[in-house]
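Before any comments, here is the structure.
Read the figures in this text as sums done on the coordinates, not as results from a lab. It should be emphasised that the depicted structure is a prediction, and the values quoted were computed from it without experimental measurement. When we count neighbours, we look across all protein chains shown, and the Cβ atoms used for this are built from the backbone with ideal geometry, even at glycine.
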Amino acid sequence: MNVNEDTDSRRLGATNKVCLYSIIATLGVLLVFALATIMVLVVQRTRRSSSRGLEQFPMGGSPCSSSLDLGHSRIRPLPWARTRVSRAVNSSKLSLVEKGICEAIKCQSPELVIREQGLYLIFCNLNFHFPNCSKSPIDLKIELLVNDRVDRQTLSTFCASETCQDETFKTLIQLHLTHLDKEDKISVTLNHPEFLNDVSLPNENVLGVLKYSDGMGAAP
């Protein structure tokens, strides 16, 4: 009886861990999307204010045609994209599993292709599963690539001896603000893609990009 009780306790504990890390991963994704949404609203509000100022002080030409042009610019959506990523066969570069949301940005696996130059926020949310976390540490490297060149790199160590557990789940969020040109290609690579958790949390592994402004100066 004791053996069965111990087995049931382990199974219950493992199930609780998966549920807990699923909730944490979902909250992390929601946080990234909330930040992106706030940035979109701020930029759109700033553009509306600028448009109203220009309407009050026309620079010449037909007032009607000027108002129509400004109205068209106000409803123009900001370029942004969000796609789910997964492990690729025999490659450290993650592939785009599905098209997702692609507004004025081309989603072409395994890359996001920029169509307008400007200042962009690149965001990446990845979940990892270490099923047999031993005392030997694992160095996990995430690289955000622009045209296959490393633009941002982070290195995290897991399964260290002082924090070792039999089974470990981790979530990593990367945010990177950088200037991108037209036709620039965005992708992400892992040095250990085998630890990417695309089984129990496949929808929470995402790569995205959001245009913040037209240049390296102040926001529009």
Problem - Candidates per trypsin sites (Lys or Arg not before Pro) in region 90-153, loop by DSSP, up to 16 other Cβ within 10 Å - result: LYS99, ARG115, LYS135
Practice task
Based on alpha-carbon positions alone, could you give the equivalent ellipsoid semi-axes of region 98-179 from the gyration tensor, as √(5λ), descending, whole Å?
Solution key: 32, 14, 10
Handout entry: Most to least packed among 203-211, 80-88 [average Cβ atoms within 10 Å]
Key = 203-211, 80-88
Fill in the blank from the handout: Residue span HIS176 to VAL113: 0.36 nm per residue of separation minus Cα-Cα distance leaves a gain in nm of 21.1 nm
Exercise for the section: Enumerate the calculated ³J(HN,Hα) couplings along region 103-118 in order (Karplus 6.51 cos²θ - 1.76 cosθ + 1.60, θ = phi - 60°), each rounded to whole Hz, writing x wherever the residue is Gly or Pro. Expected result: 10, 6, 9, 8, 9, 10, 4, x, 9, 9, 10, 7, 10, 9, 6, x
Completion exercise
Length-normalised contact order of region 88-192, Cα under 8 Å, at least 6 apart, in percent, tallies to 39
Exercise for the section: Scan around VAL85 for amide H atoms under 5 Å from its own, H built in the peptide plane at 1.01 Å from N, and keep only partners 5 or more places away or cross-chain. Expected result: VAL97, ASN205, VAL206, LEU207
Practice task
Taking H placed 1.01 Å from N in the peptide plane, check which residues at least 5 places from CYS133 or on another chain put their amide H under 5 Å from its amide H.
Solution key: GLU167, THR168
